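Please read the structure below before turning to the comments.
The values are calculated or read from the model by the stated rules, or taken from the named source; none is laboratory data. The structure displayed is predicted, hence computed values, not measured ones. Glycine also receives a Cβ, built like all others from the backbone with ideal geometry; neighbour counts cover every protein chain displayed. Accessible surface areas use protein heavy atoms only, side chains included; no ligands, DNA or RNA. Shrake-Rupley method; radii C 1.70, N 1.55, O 1.52, S 1.80 Å.
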Amino acid sequence: MTSLVTETPAAASADALAHFEARLGFETDCWDVHASLAGGATDFVLLDVRSPEAFAKGHVDGAINLPHARITGERMRSFAPDSTFVVYCAGPHCNGANKAAVRLARLGYPVKEMIGGITGWLDEGFELANGS
């Protein structure tokens with residue numbers, strides 16, 4: 001009997017490898033961001049793309065608040081052109097990080113989404129900073 005899982009066959013291993021390797025170029029997770037920040041990493045800029053009000057209630061320590069709608073070429077000129085950005089929003093129910101990633105990519109910046117956003121951060125048991 002075929003299950004609902006295998007009703008559609010799995011992709012060929014080579015295709016799966018290409019797919020999952022590519023995803024790592026677009027995404028990072030809360031654990032890797034936390035470990036990188038704790039280790040003093042300075043090779044990426046963490047952007048919280050939610051509203052200033054949401055940011056003030058709690059955000060990842062070290063994040064810069066820049067709502068996705070305010071990401072413009074003029075505003076981004078203060079960053080080095082080769083800056084890598086990691087963007088996050090509220091969580092899997094929010095597409096703000098995707099909108100920010102699109103804007104940054106259109107401006108030519110390397111960008112990854114921190115999957116899970118604030119929800120994922122809290123699910124991992126990590127603390128939030130408060131204030132602006």
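Can you pull out the residues in region 1-22 that are of a type in the set (A, V, I, L, M, F, W, C), assigned to a helix (DSSP H, G or I) and over 25 Å from Gly116 (Cα atoms)?
Of everything in region 1-22, just one residue is of a type in the set (A, V, I, L, M, F, W, C), assigned to a helix (DSSP H, G or I) and over 25 Å from Gly116 (Cα atoms), namely Ala14.
Matching residues to (1) open to solvent by less than 50 Å² (accessible area, probe 1.4 Å); (2) of a type in the set (Val, Ile, Thr); (3) touching a Lys or Arg at 6+ places or on another chain (Cβ under 7 Å):
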{"residue": "Val5", "(1), (2), (3)": "no, yes, no"}
{"residue": "Phe20", "(1), (2), (3)": "no, no, no"}
{"residue": "Val45", "(1), (2), (3)": "yes, yes, no"}
{"residue": "Gly58", "(1), (2), (3)": "yes, no, no"}
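If only residues of region 85-94 that are closer than 18 Å to Leu128 by Cα and in contact (Cβ under 8 Å) with a residue 40 or more places away in the chain are counted, the one that is surrounded by the fewest Cβ atoms within 10 Å (Cβ to Cβ) is Ala90.
Rundown of residues vs (1) in a strand (DSSP E or B); (2) open to solvent by 90 Å² or more (accessible area, probe 1.4 Å); (3) touching a residue at least 60 places away in the same chain (Cβ under 8 Å); (4) touching a strand residue (DSSP E or B) at 6+ places or on another chain (Cβ under 7 Å), yes/no style:
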position: Leu24; (1), (2), (3), (4): no, yes, no, no
position: Ser36; (1), (2), (3), (4): no, no, no, no
position: Thr42; (1), (2), (3), (4): no, yes, no, no
position: Phe55; (1), (2), (3), (4): no, no, yes, yes
position: Ala69; (1), (2), (3), (4): no, no, no, no
position: Arg75; (1), (2), (3), (4): no, yes, no, no
position: Ala80; (1), (2), (3), (4): no, no, no, no
position: Ser83; (1), (2), (3), (4): no, no, no, yes
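Scan region 35-55 and tell me whether some residue there is in contact with a Leu (Cβ under 9 Å, 6 or more places away or on another chain) and of a type in the set (Lys, Arg). Scanning region 35-55 turns up no residue that is in contact with a Leu (Cβ under 9 Å, 6 or more places away or on another chain) and of a type in the set (Lys, Arg).
Which residue is modelled with the lowest pLDDT, if the candidates are limited to region 106-132 and must be more than 13 Å from the chain's Cα centre (by Cα) and closer than 19 Å to Arg75 by Cβ? Looking at residues that are more than 13 Å from the chain's Cα centre (by Cα) and closer than 19 Å to Arg75 by Cβ, I get Ser132. The set of residues from region 102-132 being part of a strand (DSSP E or B) and open to solvent by 50 Å² or more (accessible area, probe 1.4 Å) comprises Lys112, Ile115.
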